[in-house]
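Here is the structure we will look at, set down as C-alpha coordinates.
The values are calculated or read from the model by the stated rules, or taken from the named source; none is laboratory data. Predicted, not measured: the structure shown is a model, and the values here were computed from it. For neighbour counting, all protein chains shown are included, and Cβ atoms are generated from backbone atoms with ideal geometry for every residue, glycine included. The area values use the complete protein model at the heavy-atom level, side chains included, leaving out ligands, DNA and RNA. Shrake-Rupley method; radii C 1.70, N 1.55, O 1.52, S 1.80 Å.
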Amino acid sequence: MELRSLGYFVRIAELGSITRAAAHLRLAQPALTRHVQRLEEELGVALFTRANRGVRLTEAGQKLLENAERILREVERTGDEIRAQDAHPSGRIIFGITPTLCPVLVPELSADMRRDYPRVELKVMHAGMVRLEEFIIDGRVDVALLSELSRSRLIVSTRLAQEEMVLVTQPGARPDGVVSGAELSRTPLVLGDGLRAAMDALLAGRGVELKVEIEVNDHETIRLMVQHGAAASILPYSSVARECAQGLLDAHRIAEGGIFRTLALGVRASRTASLARETVVRTITRLVGEIEADRRLSIATPDHRRPTSRASLAGMAPSARAET
(Lines give C-alpha, C1' and ligand atoms only; values in the text may rest on other atoms or scores of the structure.)
Protein backbone atom coordinates (compact mmCIF):
# COMPACT_ATOMS: atom_id res chain seq x y z
CA MET A 1 0.00 0.00 0.00
CA GLU A 2 1.67 3.21 -1.18
CA LEU A 3 1.48 6.40 0.83
CA ARG A 4 0.82 8.26 -2.39
CA SER A 5 -2.28 6.12 -3.09
CA LEU A 6 -3.52 6.71 0.47
CA GLY A 7 -3.11 10.43 -0.04
CA TYR A 8 -5.09 10.30 -3.28
CA PHE A 9 -7.81 8.24 -1.57
CA VAL A 10 -8.14 10.80 1.24
CA ARG A 11 -8.39 13.67 -1.23
CA ILE A 12 -11.19 11.91 -3.17
CA ALA A 13 -13.06 11.22 0.08
CA GLU A 14 -12.73 14.86 1.17
CA LEU A 15 -13.95 16.25 -2.17
CA GLY A 16 -16.52 13.51 -2.84
CA SER A 17 -15.56 13.33 -6.49
CA ILE A 18 -12.80 11.67 -8.50
CA THR A 19 -13.12 14.40 -11.14
CA ARG A 20 -12.66 17.24 -8.64
CA ALA A 21 -9.84 15.36 -6.88
CA ALA A 22 -8.04 14.83 -10.20
CA ALA A 23 -8.27 18.56 -10.96
CA HIS A 24 -7.07 19.48 -7.46
CA LEU A 25 -4.14 17.04 -7.66
CA ARG A 26 -3.41 17.98 -11.29
CA LEU A 27 -3.55 14.32 -12.18
CA ALA A 28 -5.33 12.64 -15.10
CA GLN A 29 -8.63 11.13 -13.95
CA PRO A 30 -7.88 7.62 -15.38
CA ALA A 31 -4.58 7.54 -13.46
CA LEU A 32 -6.35 8.53 -10.23
CA THR A 33 -9.00 5.87 -10.82
CA ARG A 34 -6.27 3.23 -11.24
CA HIS A 35 -4.82 4.14 -7.84
CA VAL A 36 -8.23 3.59 -6.24
CA GLN A 37 -8.69 0.30 -8.07
CA ARG A 38 -5.30 -0.96 -6.88
CA LEU A 39 -6.23 -0.12 -3.27
CA GLU A 40 -9.52 -1.95 -3.63
CA GLU A 41 -7.82 -4.98 -5.18
CA GLU A 42 -5.22 -5.08 -2.42
CA LEU A 43 -7.83 -4.81 0.36
CA GLY A 44 -10.43 -6.97 -1.38
CA VAL A 45 -13.27 -4.49 -0.73
CA ALA A 46 -15.01 -1.61 -2.49
CA LEU A 47 -14.06 1.77 -1.09
CA PHE A 48 -16.51 4.01 -2.97
CA THR A 49 -19.99 3.73 -4.44
CA ARG A 50 -21.38 6.03 -7.06
CA ALA A 51 -23.55 8.89 -5.86
CA ASN A 52 -25.23 11.89 -7.43
CA ARG A 53 -22.47 14.09 -8.92
CA GLY A 54 -19.67 12.07 -7.34
CA VAL A 55 -18.79 9.15 -5.09
CA ARG A 56 -19.60 8.11 -1.54
CA LEU A 57 -17.52 6.08 0.91
CA THR A 58 -18.54 2.53 1.73
CA GLU A 59 -18.33 1.30 5.32
CA ALA A 60 -14.90 -0.18 4.54
CA GLY A 61 -13.91 3.08 2.87
CA GLN A 62 -14.91 5.06 5.96
CA LYS A 63 -12.74 2.80 8.13
CA LEU A 64 -9.78 3.22 5.77
CA LEU A 65 -10.25 6.98 5.76
CA GLU A 66 -9.98 7.20 9.54
CA ASN A 67 -6.77 5.18 9.58
CA ALA A 68 -5.32 6.73 6.41
CA GLU A 69 -5.65 10.23 7.86
CA ARG A 70 -3.89 9.08 11.03
CA ILE A 71 -1.12 7.35 9.07
CA LEU A 72 -0.52 10.38 6.86
CA ARG A 73 -0.44 12.69 9.88
CA GLU A 74 2.15 10.41 11.55
CA VAL A 75 4.28 10.35 8.40
CA GLU A 76 4.15 14.14 8.14
CA ARG A 77 4.97 14.57 11.83
CA THR A 78 7.86 12.11 11.58
CA GLY A 79 9.24 14.03 8.62
CA ASP A 80 8.99 17.28 10.58
CA GLU A 81 10.80 15.69 13.54
CA ILE A 82 13.58 14.37 11.32
CA ARG A 83 14.00 17.73 9.63
CA ALA A 84 14.03 19.44 13.03
CA GLN A 85 16.61 16.96 14.30
CA ASP A 86 18.75 17.63 11.26
CA ALA A 87 18.59 21.34 12.04
CA HIS A 88 19.15 20.69 15.77
CA PRO A 89 21.00 17.36 16.16
CA SER A 90 21.09 15.89 19.64
CA GLY A 91 22.69 13.01 21.49
CA ARG A 92 25.92 11.97 23.17
CA ILE A 93 29.04 11.53 21.03
CA ILE A 94 32.30 10.11 22.37
CA PHE A 95 35.25 11.50 20.43
CA GLY A 96 38.67 9.82 20.52
CA ILE A 97 41.86 11.71 19.78
CA THR A 98 45.62 11.21 20.13
CA PRO A 99 47.40 13.03 22.98
CA THR A 100 49.38 15.45 20.81
CA LEU A 101 46.27 16.54 18.89
CA CYS A 102 44.01 16.86 21.94
CA PRO A 103 45.12 20.36 23.09
CA VAL A 104 45.33 21.55 19.48
CA LEU A 105 41.78 20.68 18.45
CA VAL A 106 39.56 19.94 21.45
CA PRO A 107 39.27 23.45 23.00
CA GLU A 108 37.99 24.98 19.77
CA LEU A 109 35.89 21.91 18.93
CA SER A 110 34.18 22.02 22.32
CA ALA A 111 33.49 25.75 22.04
CA ASP A 112 32.05 25.43 18.53
CA MET A 113 29.84 22.47 19.46
CA ARG A 114 28.46 24.23 22.55
CA ARG A 115 27.73 27.36 20.54
CA ASP A 116 26.29 25.81 17.36
CA TYR A 117 24.91 22.45 18.53
CA PRO A 118 24.04 22.75 22.23
CA ARG A 119 21.94 19.55 22.15
CA VAL A 120 24.98 17.42 21.28
CA GLU A 121 26.85 16.22 24.37
CA LEU A 122 30.53 15.76 23.49
CA LYS A 123 32.79 13.53 25.57
CA VAL A 124 36.51 13.32 24.73
CA MET A 125 38.87 10.38 25.28
CA HIS A 126 42.55 10.58 24.33
CA ALA A 127 44.72 7.55 23.64
CA GLY A 128 47.35 6.30 21.24
CA MET A 129 46.65 4.97 17.77
CA VAL A 130 46.39 1.30 18.71
CA ARG A 131 44.00 1.89 21.60
CA LEU A 132 41.90 4.32 19.57
CA GLU A 133 41.38 1.64 16.94
CA GLU A 134 40.30 -0.78 19.66
CA PHE A 135 37.92 1.84 21.06
CA ILE A 136 36.37 2.41 17.62
CA ILE A 137 35.88 -1.30 16.96
CA ASP A 138 34.33 -2.11 20.35
CA GLY A 139 32.13 1.00 20.30
CA ARG A 140 33.74 2.90 23.16
CA VAL A 141 34.18 5.90 20.86
CA ASP A 142 31.89 7.02 18.04
CA VAL A 143 34.53 8.79 15.97
CA ALA A 144 38.27 9.35 16.37
CA LEU A 145 40.94 11.62 14.92
CA LEU A 146 43.82 9.27 14.15
CA SER A 147 47.49 9.95 13.48
CA GLU A 148 47.44 7.70 10.40
CA LEU A 149 45.00 5.92 8.10
CA SER A 150 43.74 2.76 9.75
CA ARG A 151 44.62 -0.56 8.15
CA SER A 152 41.78 -2.39 9.91
CA ARG A 153 38.95 -3.64 7.72
CA LEU A 154 36.59 -2.91 10.61
CA ILE A 155 37.34 0.82 10.47
CA VAL A 156 36.57 3.35 7.76
CA SER A 157 39.21 6.08 7.88
CA THR A 158 39.24 9.25 5.82
CA ARG A 159 42.34 11.35 5.24
CA LEU A 160 41.98 14.96 6.40
CA ALA A 161 45.48 16.41 6.18
CA GLN A 162 49.20 15.81 6.59
CA GLU A 163 51.14 17.14 9.56
CA GLU A 164 54.86 17.72 9.75
CA MET A 165 57.01 16.13 12.44
CA VAL A 166 59.73 18.64 13.39
CA LEU A 167 62.86 18.88 15.51
CA VAL A 168 62.05 21.23 18.37
CA THR A 169 64.81 23.10 20.18
CA GLN A 170 65.38 25.94 22.61
CA PRO A 171 65.43 29.24 20.66
CA GLY A 172 68.84 29.81 19.06
CA ALA A 173 70.15 26.36 19.98
CA ARG A 174 70.99 25.65 16.33
CA PRO A 175 71.06 27.71 13.12
CA ASP A 176 67.99 27.87 10.94
CA GLY A 177 67.86 25.29 8.20
CA VAL A 178 67.03 21.68 7.44
CA VAL A 179 68.17 19.00 9.90
CA SER A 180 70.22 16.33 8.16
CA GLY A 181 70.10 12.67 9.06
CA ALA A 182 73.61 12.85 10.45
CA GLU A 183 72.79 15.81 12.69
CA LEU A 184 69.57 14.17 13.89
CA SER A 185 71.46 11.00 14.83
CA ARG A 186 73.79 12.91 17.15
CA THR A 187 71.18 15.27 18.67
CA PRO A 188 70.23 14.41 22.31
CA LEU A 189 66.46 13.99 22.46
CA VAL A 190 63.67 13.78 25.01
CA LEU A 191 60.87 11.55 23.68
CA GLY A 192 58.01 9.43 24.89
CA ASP A 193 57.58 5.78 23.94
CA GLY A 194 54.87 6.49 21.39
CA LEU A 195 56.67 9.34 19.64
CA ARG A 196 59.88 7.33 19.56
CA ALA A 197 58.14 4.35 17.93
CA ALA A 198 56.38 6.62 15.45
CA MET A 199 59.61 8.34 14.42
CA ASP A 200 61.52 5.07 14.15
CA ALA A 201 58.91 3.95 11.62
CA LEU A 202 58.85 7.25 9.73
CA LEU A 203 62.66 7.30 9.50
CA ALA A 204 63.01 3.63 8.51
CA GLY A 205 65.35 3.22 5.57
CA ARG A 206 67.06 6.58 6.06
CA GLY A 207 69.98 5.30 8.16
CA VAL A 208 69.01 7.47 11.12
CA GLU A 209 69.17 6.15 14.68
CA LEU A 210 67.66 8.50 17.23
CA LYS A 211 69.69 9.43 20.29
CA VAL A 212 67.05 9.38 23.03
CA GLU A 213 68.64 10.40 26.33
CA ILE A 214 65.48 11.14 28.32
CA GLU A 215 62.15 9.32 28.10
CA VAL A 216 59.04 11.24 29.17
CA ASN A 217 55.51 10.25 28.22
CA ASP A 218 53.89 13.63 28.76
CA HIS A 219 53.94 16.07 25.86
CA GLU A 220 53.52 19.23 27.94
CA THR A 221 56.51 18.20 30.06
CA ILE A 222 58.53 17.53 26.91
CA ARG A 223 57.78 21.02 25.58
CA LEU A 224 58.81 22.62 28.87
CA MET A 225 62.01 20.57 29.02
CA VAL A 226 62.95 21.67 25.50
CA GLN A 227 62.11 25.28 26.34
CA HIS A 228 64.50 25.10 29.31
CA GLY A 229 67.28 23.55 27.23
CA ALA A 230 67.27 20.05 28.76
CA ALA A 231 67.26 18.44 25.29
CA ALA A 232 65.69 18.71 21.86
CA SER A 233 62.64 16.71 20.83
CA ILE A 234 60.60 15.65 17.80
CA LEU A 235 56.96 16.69 17.92
CA PRO A 236 54.06 17.33 15.55
CA TYR A 237 54.26 20.93 14.38
CA SER A 238 50.69 21.76 15.49
CA SER A 239 51.62 21.00 19.11
CA VAL A 240 54.35 23.66 19.14
CA ALA A 241 53.15 26.18 16.53
CA ARG A 242 51.93 28.62 19.18
CA GLU A 243 55.15 28.46 21.20
CA CYS A 244 57.20 28.93 18.02
CA ALA A 245 55.16 32.01 17.08
CA GLN A 246 55.79 33.41 20.58
CA GLY A 247 59.53 32.79 20.32
CA LEU A 248 59.54 30.20 23.11
CA LEU A 249 60.67 27.33 20.86
CA ASP A 250 62.23 26.81 17.44
CA ALA A 251 60.96 24.19 14.98
CA HIS A 252 63.22 22.77 12.26
CA ARG A 253 62.37 20.70 9.20
CA ILE A 254 63.80 17.17 9.17
CA ALA A 255 65.27 16.27 5.75
CA GLU A 256 64.70 18.33 2.61
CA GLY A 257 61.14 17.21 1.98
CA GLY A 258 60.12 17.04 5.62
CA ILE A 259 58.67 14.11 7.56
CA PHE A 260 54.86 13.95 7.67
CA ARG A 261 52.17 11.93 9.38
CA THR A 262 48.59 11.59 8.11
CA LEU A 263 45.63 12.90 10.11
CA ALA A 264 42.51 10.83 9.49
CA LEU A 265 38.98 10.46 10.86
CA GLY A 266 38.03 6.91 11.82
CA VAL A 267 34.61 5.33 12.43
CA ARG A 268 33.50 1.73 12.80
CA ALA A 269 32.58 0.29 9.41
CA SER A 270 29.44 -1.47 10.66
CA ARG A 271 28.09 1.38 12.77
CA THR A 272 25.08 3.34 11.54
CA ALA A 273 25.79 7.04 11.29
CA SER A 274 23.78 9.40 13.48
CA LEU A 275 23.01 13.05 12.79
CA ALA A 276 24.91 14.01 15.95
CA ARG A 277 27.99 12.04 14.86
CA GLU A 278 27.91 13.51 11.36
CA THR A 279 27.67 16.99 12.88
CA VAL A 280 30.80 16.32 14.95
CA VAL A 281 32.56 14.88 11.87
CA ARG A 282 31.74 17.97 9.80
CA THR A 283 32.94 20.28 12.57
CA ILE A 284 36.22 18.40 13.01
CA THR A 285 36.81 18.37 9.26
CA ARG A 286 36.24 22.12 9.10
CA LEU A 287 38.52 22.85 12.05
CA VAL A 288 41.37 20.70 10.72
CA GLY A 289 41.02 22.51 7.39
CA GLU A 290 41.24 25.86 9.15
CA ILE A 291 44.30 24.76 11.13
CA GLU A 292 45.94 23.65 7.89
CA ALA A 293 45.02 26.92 6.16
CA ASP A 294 46.56 28.85 9.06
CA ARG A 295 49.83 26.94 8.39
CA ARG A 296 49.77 25.33 11.82
CA LEU A 297 50.36 21.82 10.48
CA SER A 298 53.72 22.40 8.82
CA ILE A 299 56.61 24.83 8.70
CA ALA A 300 55.91 27.48 6.09
CA THR A 301 58.24 27.32 3.08
CA PRO A 302 59.34 30.52 1.32
CA ASP A 303 56.42 30.30 -1.13
CA HIS A 304 54.09 29.29 1.75
CA ARG A 305 53.50 25.81 0.35
CA ARG A 306 54.50 22.50 1.83
CA PRO A 307 56.70 20.34 -0.44
CA THR A 308 54.57 17.53 -1.89
CA SER A 309 56.80 15.89 -4.48
CA ARG A 310 57.13 12.12 -4.43
CA ALA A 311 60.88 12.45 -4.21
CA SER A 312 60.61 14.40 -0.97
CA LEU A 313 58.85 11.46 0.66
CA ALA A 314 61.22 8.78 -0.62
CA GLY A 315 62.20 6.25 2.00
CA MET A 316 59.22 6.95 4.24
CA ALA A 317 57.57 3.98 5.90
CA PRO A 318 54.03 3.91 7.35
CA SER A 319 53.92 5.74 10.65
CA ALA A 320 54.04 3.78 13.87
CA ARG A 321 50.79 2.87 15.57
CA ALA A 322 51.63 4.52 18.83
CA GLU A 323 50.86 7.22 21.38
CA THR A 324 51.11 10.21 19.03
With every protein chain left in place, what is the accessible area per residue of segment 23-177 in square angstrom, probe 1.4 Å?
59 Å²
For all pairs of alpha-carbon atoms in segment 1-111, what percent lies in each bin of width 10 Å, listed from the first bin to the last filled one?
12, 32, 18, 10, 8, 10, 8, 1
Folded to 0 to 90 degrees: helix 275-293 orientation relative to the chain principal axis, Cα:
40 degrees
Using amide H atoms built 1.01 Å from N in the peptide plane, name the residues 5+ places from Ile254, or on other chains, whose amide H lies under 5 Å from its own.
Leu167, Val179, Ile259
Search the structure for amide H atoms under 5 Å from the amide H of Leu249, placed 1.01 Å from N in the peptide plane, and list their residues when 5 or more places away or on another chain.
Cys244
Over the alpha-carbon set of the chain, work out the extent along each principal axis and list the three values in angstrom, largest first.
101, 37, 36
What is the pair-distance distribution P(r) of segment 1-55, computed from all Cα-Cα distances in 5 Å bins starting at 0, with each bin given as a whole percent?
4, 22, 34, 27, 11, 2
Scalar couplings 3J(HN,Hα) for segment 107-114 by Karplus 6.51 cos²θ - 1.76 cosθ + 1.60 (θ = phi - 60°), nearest whole Hz, x for Gly and Pro, are x, 6, 4, 4, 5, 5, 5, 5
Express the carbon and sulfur contribution to the solvent-accessible surface of the chain as a percent, rounded to the nearest whole number, probe 1.4 angstrom.
49 percent
Quick check on the chain: helices-only [θ] at 222 nm, where DSSP H runs of length 4 and up contribute -39,500 (n - 2.57) each and the sum goes over total residues. Nearest 500, please.
-13500 deg cm²/dmol
Taking only Cα atoms of segment 84-232, radius of gyration then Dmax in Å:
18.7, 60
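How much of the DSSP bridge set in the chain is antiparallel, in percent, rounded to the nearest 5?
60 percent
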Which cross-chain or sequence-distant (5 or more) residues have an amide H under 5 Å from the amide H of Ala269, H modelled 1.01 Å from N in plane?
Ile155, Val156
Residue by residue through segment 200-213, what is 3J(HN,Hα) from phi via Karplus (6.51 cos²θ - 1.76 cosθ + 1.60, θ = phi - 60°)? Round to whole Hz and write x for glycine and proline.
4, 6, 5, 8, 4, x, 9, x, 10, 10, 5, 9, 8, 9
To test your reading of the geometry: what angle, between 0 and 90 degrees and rounded to tens, separates the Cα axis of helix 29-43 from the longest principal axis of the chain?
90 degrees
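Round to the nearest 0.05 the FRET efficiency obtained for Ala60 and Leu154 when R0 = 45 Å and r is the Cβ-Cβ distance.
Calculated value: 0.30.
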Which residues make up the longest stretch of the chain that has no trypsin sites (Lys or Arg not before Pro) in a DSSP loop with at most 16 other Cβ atoms within 10 Å?
154-270
